[in-house]
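Below: one structure, written as structure tokens.
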Amino acid sequence: AVSEGGTWLGAGDGMGTIHAWNTTTSRSLYRLSAHVGEVTALVVDPLGKWFASAGADGAVKMWRLDTGALIATLMAWPNGWAVLSPDGRYKISGEVGDFWWASGLCRFGVSDLDDLAPYLHSLRRIPEDEPLDLGN
């Protein structure tokens, strides 16, 4: 993918890594361990604030174009979806099937998180009626 104006170039590889370069200086900007398996697509926001990657793992991730910081991970199922924020907030709608959330060395099913959330200080489910604000 190439940014509007052509100063940012990004490429994904078969190992799930995204490489980004400044085309003006030919310098590497960052390398991101983005997906489990192949990166299947990259697209850049026309305003140049973020880019998105899709992977063979079924996830779509949004990243800051300038720093490569993760903004959100999006996942879809036939009857639902989930959005995960790097700060531990998450929002789900519908039936999310086999969705798993990794917390440290433990793994929890999404239905288990509501009861555990008071003990996991950084974890917070965003209510259905609350807007999804990713801080960007």
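Mind listing just one residue for me: the one in region 32-73 that is open to solvent by 60 Å² or more (accessible area, probe 1.4 Å) and assigned to a loop (DSSP other than H, G, I, E, B) and, of those, nearest to ALA11 (Cα to Cα)?
GLU38
Considering only residues that are within 20 Å of ASP45 (Cβ to Cβ), in contact (Cβ under 8 Å) with a residue 24 or more places away in the chain and either exposed (fewer than 15 other Cβ atoms within 10 Å of the Cβ) or not hydrophobic (A, V, I, L, M, F, W, C) (or both), which ones fall in region 74-94?
Correct list: SER85 only.
Determine the pairs where a residue that is more than 16 Å from TYR30 (Cα to Cα), located within region 2-20, has a partner that is outside any strand (DSSP E or B) and open to solvent by 50 Å² or more (accessible area, probe 1.4 Å) with Cβ atoms under 7 Å apart, the partner being 6 or more residues away or on another chain.
Close Cβ pairs (under 7 Å, with a partner that is outside any strand (DSSP E or B) and open to solvent by 50 Å² or more (accessible area, probe 1.4 Å)) amount to GLU4/PRO46; GLY6/THR23; GLY14/GLU38.
Quickly run through region 50-80 and pick out the residues that are among the aromatic types (Phe, Trp, Tyr) and at pLDDT 85 or above.
Answer for region 50-80, where residues must be among the aromatic types (Phe, Trp, Tyr) and at pLDDT 85 or above: TRP50, PHE51, TRP63.
Restricting to region 45-57, give me the number of residues that are more than 21 Å from LEU132 (Cα to Cα) and either within 14 Å of the chain's Cα centre (by Cα) or hydrophobic (A, V, I, L, M, F, W, C) (or both).
3
Scan region 1-18 residue by residue and report those that are open to solvent by less than 40 Å² (accessible area, probe 1.4 Å), in a strand (DSSP E or B) and out of contact with any His (no Cβ under 9 Å at 6 or more places or on another chain).
TRP8
The values are calculated or read from the model by the stated rules, or taken from the named source; none is laboratory data. Model, not experiment: these values are computed from the prediction. So basically every Cβ, Gly included, is an ideal-geometry build from the backbone, and we count neighbours across all protein chains shown. These accessible areas exclude ligands, DNA and RNA; they are computed on the full protein's heavy atoms, side chains included. Shrake-Rupley method; radii C 1.70, N 1.55, O 1.52, S 1.80 Å.
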